[in-house]
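Some notes on the structure that comes next.
The values are calculated or read from the model by the stated rules, or taken from the named source; none is laboratory data. Only a predicted model underlies this, so the values are computations on that prediction, with no experimental measurement involved. Ideal geometry is used to build each Cβ from the backbone, glycine not excepted, and the neighbour counts take in all protein chains shown. Please note that ligands, DNA and RNA were not included when accessible areas were found on the heavy atoms of the full protein model with its side chains. Shrake-Rupley method; radii C 1.70, N 1.55, O 1.52, S 1.80 Å.
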Amino acid sequence: MSGPLQQWCEQTCVVCPAQQLGPGQFDVVDRPGPEFAYDADIGWRVTVEGVAVCVHPYRVGLPPGRYASRGEPVPVRASRPAPTPASLVLPADLVDLEGWLVAVLRDAPSEQIFGAVARAERLASERFDPKQVVAAMRRVLSVELANR
């Protein structure tokens, strides 16, 4: 398949290569980091070699792998990875806020989801413009709560 999967378009953040590329056309890593810089001209993060990279495996539903850069096979059936402890740390960059929100919500037990939402909003608003936080939360909640 050369194009993105329907569920990727619904469940990944707007700056994910999964929004435009198909399976095997980008790498997946376990968390954002300086070695995967966001390229504003392209619209997603890239490796130092310039390969597109998704930094939220729990959103794209693939385990970390060097699918595009090393030709690792894309798993046919992979269980959705759980958020890692690193993905639950509030990011410094606004571009990673949606991924963090998804990680926080997916990590929260169903009976604690409302408390998790309130805590996430409070923490994120301490670091980012509250209007941007609310906009990110609306995008994330519309998908995450529907999929619970």
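Observations
- Count - residues of the range 85-110 that are surrounded by fewer than 16 Cβ atoms within 10 Å (Cβ to Cβ), more than 16 Å from Leu141 (Cβ to Cβ) and small (Gly, Ala, Ser): 2
- Checking the range 67-84 against the condition returns a match, with at least one residue being at pLDDT 95 or above and either open to solvent by less than 40 Å² (accessible area, probe 1.4 Å) or among the hydrophobic types (A, V, I, L, M, F, W, C) (or both).
- Figure legend. Inter-residue proximity from the range 126-139: first residues within 15 Å of Asp93 (Cα to Cα), second residues in a loop (DSSP other than H, G, I, E, B), beta-carbon distance below 7 Å, spacing 6+ or different chains. Indicated pairs: Arg127/Leu90.
- Only a single criterion out of (1) closer than 15 Å to Trp8 by Cα; (2) surrounded by fewer than 20 Cβ atoms within 10 Å (Cβ to Cβ) is not satisfied by Val134, namely (1).
- Residue check for Val95: within 13 Å of the chain's Cα centre (by Cα) and closer than 21 Å to Gln7 by Cβ: no
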